[in-house]
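The values are calculated or read from the model by the stated rules, or taken from the named source; none is laboratory data. The shown structure was predicted, so the numbers you read here are calculated from the model rather than taken from an experiment. Virtual Cβ from ideal backbone geometry, glycine too; neighbours counted across all protein chains shown.
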Amino acid sequence: MTPLDAVLSHLESGAERALAQLVEFASIPSVSTDPAHAADMTVAAQWVARTLAAVGPITVRTMPTARNPVVYAEWLGAPGKPTVLIYGHYDVQPPDPLDKWTSPPFSPTVRDGRLYARGVSDDKGPVLIPMKVAESFFAAAGAPPLNLKFLIEGEEEIGSPSLESFIEANKELLRADLVISADGAMWRPTEPSITVASRGLAGLNFTLTAASKDLHSGRHGGSVANPLHAMARLVASFHHPDGRIAVEGFYDTVRELSAADRAAIAAIPFNEADYLAQVGAPPGYGEAGYTLLERQWTRPTLEVNGMWGGYEGPGQKTVIPCEAHAKVTCRLVPDQDPDEVVRLITRHLEHHQPPGTRLTITPGDHGTPAAHIDTGHPALRAAAAALRAVYGVDPLIVRMGATVPIMELFKRHMNMDTVYFSFSTSDEDYHAPNEFFRVIRLREGLAAWARFWDLLARELA
């Protein structure tokens, strides 16, 4: 039995224990956006630190940031071998709306081969996997085949606002030959995939007010602006009827796809009708001139994520509300600058502000540019070989419509490339009610990470 065989056997025999630990981890309501969960964030960080400390002879530090702590760990006992920095996060999205959950979001429940809980797919299941793989290498092979560093943060779900300053302040500590992200998700559950690019992110909030208080709609109707009506007009101004964004200057730096890029995307097996059926949406929407995958992966977006105001209780309340609110985010593509995008949208809102209203705009905390890794990178060869060994087929090379800030941050500040190696999949309802993680993906991920490290030790040598 080779050392890798021994590790794989150890991982398989410990898979049920790993599942029990995941249940424990996912029971912690580590919602980073809600101050009411500040204590839970501390509990989650402590859980990660204890779990890493139990891996083996590894040094673990819990390091403060302006918000939530980073759990850092390292083992540098393989001189002359490559060093990898493993990234993940322990914070989760809010579970709302609670009434849409079949089982409580922080009471992890197994049903039909799926573990249901908030954060179990994004990112607690995937980030637990490399911890357990490290543990098995120490237990069954004596040591991992390469040097390991872990950076597990608690702010990814709020855009990682502390991560950039943390990286800048700890460059030598974090120095590695490669970043491997346990966050990111595979494209779909039917075949393995490797993600080579992700879109960026920018956002803002805005409010429209009219009168200084809610008004009786009979007494005052027709004499003052209704902020909800004005908000509807303002939001409608964001897009042309063909789906193209109507904000002046929005596309000025957007690169058009090359013929080769379009051909590569078109060659990926994808059925648009099946996708729309899966998400429960009718056909007929999207920016004209681009396929659905091109829109999701390579075109920028402007989305209203929330809009509210006025009376929302049962029955009717005949008022003209005094204010209306909206939250907006954009997914960005290469060469778009997040700050410039926010400036362009601000100018658009000011130009289209409906009469009789006041406009207040609050930019988001920060933005993230788009990012990518060269498809010829040797680490991608190792990742593909590891996935091929587990699944028996070549992985698809895909892009990500979502945003994981680390790829761009580590490339810009440290010239380190990032490989996404997550074993959640895009259909697992993360950020939505009834988020789940397939139990089989836990076992598959354990085997693939072990093979990946073994291959990387030779590929990056």
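Observations on the structure shown:
- Residue that is farthest from the chain's Cα centre (by Cα), among those in the range 107-149 that are surrounded by fewer than 19 Cβ atoms within 10 Å (Cβ to Cβ) and in a loop (DSSP other than H, G, I, E, B): G142
- Test: residue in the range 250-265 that is loosely packed, with under 15 Cβ neighbours inside 10 Å and touching a Leu at 6+ places or on another chain (Cβ under 8 Å): no
- Breaking point among (1) over 23 Å from D427 (Cα atoms); (2) surrounded by 14 or more Cβ atoms within 10 Å (Cβ to Cβ); (3) of a type in the set (G, A, S), for G286: (1)
- Of the candidates E164, E168, the single residue that is within 28 Å of G367 (Cα to Cα), part of a helix (DSSP H, G or I) and modelled with pLDDT under 95 is E164.
- Top-ranked residue of the range 300-310 - restricted to ones that are touching a His at 6+ places or on another chain (Cβ under 9 Å) and part of a strand (DSSP E or B), ranked as farthest from R399 (Cα to Cα): W308
- Number of the exception - A39 against (1) assigned to a strand (DSSP E or B); (2) of a type in the set (A, V, I, L, M, F, W, C); (3) under 30 Å from G306 (Cβ atoms): (1)
- Test: residue in the range 7-28 that is under 30 Å from P378 (Cβ atoms) and among the basic types (K, R): no
- Residue within the range 311-333 that is closer than 27 Å to L208 by Cα, hydroxyl-bearing (S, T, Y), in a loop (DSSP other than H, G, I, E, B) and free of Cβ contacts under 8 Å to residues at least 12 places away in the same chain present: yes
- Checked against (1) closer than 23 Å to L201 by Cβ; (2) at pLDDT 95 or above, H351 passes all but a single condition, namely (1).
- Residues within the range 413-461 that are assigned to a helix (DSSP H, G or I) and either at pLDDT below 95 or not β-branched (V, I, T) (or both), tallied: 21
- Hits in the range 60-95 (condition: touching a residue at least 24 places away in the same chain (Cβ under 8 Å), of a type outside the set (G, A, S) and in a loop (DSSP other than H, G, I, E, B)): T65, R67, N68, P69, L76, K81, P82, Y90, D91, Q93, P94, P95
Matching residues to (1) polar (S, T, N, Q); (2) farther than 22 Å from E157 by Cα; (3) assigned by TED's automatic domain parsing to the domain that holds H239:
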{"position": "R331", "(1), (2), (3)": "no, no, yes"}
{"position": "D335", "(1), (2), (3)": "no, yes, yes"}
{"position": "E340", "(1), (2), (3)": "no, yes, yes"}
{"position": "R343", "(1), (2), (3)": "no, yes, yes"}
{"position": "T346", "(1), (2), (3)": "yes, yes, yes"}
{"position": "L349", "(1), (2), (3)": "no, yes, yes"}
{"position": "P354", "(1), (2), (3)": "no, yes, yes"}
{"position": "T357", "(1), (2), (3)": "yes, yes, yes"}
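- Counted residues, the range 345-383 - those being buried (at least 19 other Cβ atoms within 10 Å of the Cβ) and not in a strand (DSSP E or B): 13
- Residue within the range 195-211 that is loosely packed, with under 11 Cβ neighbours inside 10 Å and in a loop (DSSP other than H, G, I, E, B) present: no
- Subset tally (residues that are farther than 20 Å from V179 by Cα and out of contact with any Pro (no Cβ under 8 Å at 6 or more places or on another chain)) for the range 62-95: 5
- The single condition among (1) over 21 Å from F452 (Cβ atoms); (2) in contact with an Asp or Glu (Cβ under 9 Å, 6 or more places away or on another chain); (3) outside any helix (DSSP H, G or I) that W47 does not meet is (3).
- Among the residues making up the range 264-299, those that are among the aromatic types (F, W, Y) and either assigned to a helix (DSSP H, G or I) or over 23 Å from the mean Cα position of the chain (by Cα) (or both) are Y275, Y285, Y290, W297.
- Of all the numbered requirements in (1) farther than 22 Å from V404 by Cα; (2) in contact with a strand residue (DSSP E or B) (Cβ under 8 Å, 6 or more places away or on another chain); (3) loosely packed, with under 15 Cβ neighbours inside 10 Å; (4) among the charged types (D, E, K, R), E323 misses one, and that requirement is (3).
- Exactly one residue out of P57, P29 is assigned by TED's automatic domain parsing to the domain that holds G159, surrounded by fewer than 13 Cβ atoms within 10 Å (Cβ to Cβ) and in contact (Cβ under 8 Å) with a residue 24 or more places away in the chain: that is P57.
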